[in-house]
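Working notes, structure below.
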Amino acid sequence: MSFLIFIGIVAVVIIVLVVMYNGLVQAKNSVKNAWSQIDVQLKRRHDLIPNLVETVKGYMKHERETLESVTKARQQAVDLSNASVADRAKIENFLSQTLKSLFAVSENYPDLKANQNFLGLQEEITTTENRVSFSRQAYNDEVLNLNNKTEMFPTNIIAGMFKFEQAEFFEIEDITQKEVPKVQF
């Protein structure tokens with residue numbers, strides 16, 4: 001009788017360990033999947049930028065520096081496509097800032113603002129930026145889930161045994177993006 005109880009306890013412990021391990025694997029794979037969703041949206045943005053720059057070039061003859069900074073930031077983002085999450089976040093945030101400056105400068109060119117290609121590309125990039133933001137949020141949610149599992153008892157024991165590591169959050173580096181906008185009437 002005591003042997004059956006011992007076998008029962010061992011079986012329950014094994015089942016619990018397998019469930020915890022599988023939960024960690026699922027969390028790790030969810031982080032990878034969420035990152036790939038960010039990657040898809042960032043690639044989409046990278047693909048749209050050359051078209052935007054070409055459309056704007058003819059109108060903005062005096063804004064060469066702005067166009068060059070957008071092009072340079074895009075190329076850096078493409079070149080760092082295999083970098084760490086922190087490095088990718090940094091360059092992607094810089095690219096977002098250069099795009100914002102391009103759209104701000106475009107306000108000075110009424111013909112450009114009326115150009116259908118420019119308006120379409122601007123809408124596509126705005127939509128893509130929203131998708132990137134949503135993907136970042138989903139990724140960070142998955143990172144939080146994985147990190148909680150690797151730190152909380154008892155899954156932290158399994159995580160340590162099988163070398164599950166915490167993932168990096170995709171964070172905003174630019175302090176101005178974290179500030180609450182000022183609204184004045």
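Only residues in the range 13-39 that are over 14 Å from ILE158 (Cα atoms) count as the first member; pair them with residues that are surrounded by 13 or more Cβ atoms within 10 Å (Cβ to Cβ) and among the β-branched types (Val, Ile, Thr), Cβ under 7 angstrom, at least 6 apart or cross-chain, and list the lot. Every condition considered, the pairs that remain are VAL31/VAL143; ILE38/VAL132.
Scanning the range 97-108 for residues that are outside any loop (DSSP other than H, G, I, E, B) and either farther than 20 Å from THR128 by Cα or free of Cβ contacts under 8 Å to residues at least 60 places away in the same chain (or both) turns up THR98, LEU99, LYS100, SER101, LEU102, PHE103, ALA104, VAL105, SER106. Could you tell me whether any residue of the range 113-123 is closer than 30 Å to ASN22 by Cβ and in a helix (DSSP H, G or I)? There is no residue in the range 113-123 that is closer than 30 Å to ASN22 by Cβ and in a helix (DSSP H, G or I).
Might you check whether a residue that is surrounded by fewer than 20 Cβ atoms within 10 Å (Cβ to Cβ), over 30 Å from LEU99 (Cβ atoms) and of a type in the set (Gly, Ala, Ser) occurs anywhere in the range 133-152? No, there is no match, as no residue in the range 133-152 is surrounded by fewer than 20 Cβ atoms within 10 Å (Cβ to Cβ), over 30 Å from LEU99 (Cβ atoms) and of a type in the set (Gly, Ala, Ser). Against the test of being farther than 28 Å from ASP141 by Cα and touching a residue at least 12 places away in the same chain (Cβ under 8 Å), the options SER69, SER81 yield a single qualifying residue, SER69. When the range 47-91 is limited to residues that are at pLDDT 85 or above and not in a helix (DSSP H, G or I), the one that is surrounded by the fewest Cβ atoms within 10 Å (Cβ to Cβ) turns out to be ASN82. Residues in the range 153-170 that are of a type outside the set (Phe, Trp, Tyr) and under 16 Å from the mean Cα position of the chain (by Cα) were compared, and the one that is surrounded by the most Cβ atoms within 10 Å (Cβ to Cβ) is ALA167.
The values are calculated or read from the model by the stated rules, or taken from the named source; none is laboratory data. For clarity, every value in this text was computed on a predicted model and none was experimentally measured. Every residue, glycine among them, receives a Cβ derived from its backbone with ideal geometry; neighbour counts consider all protein chains shown.
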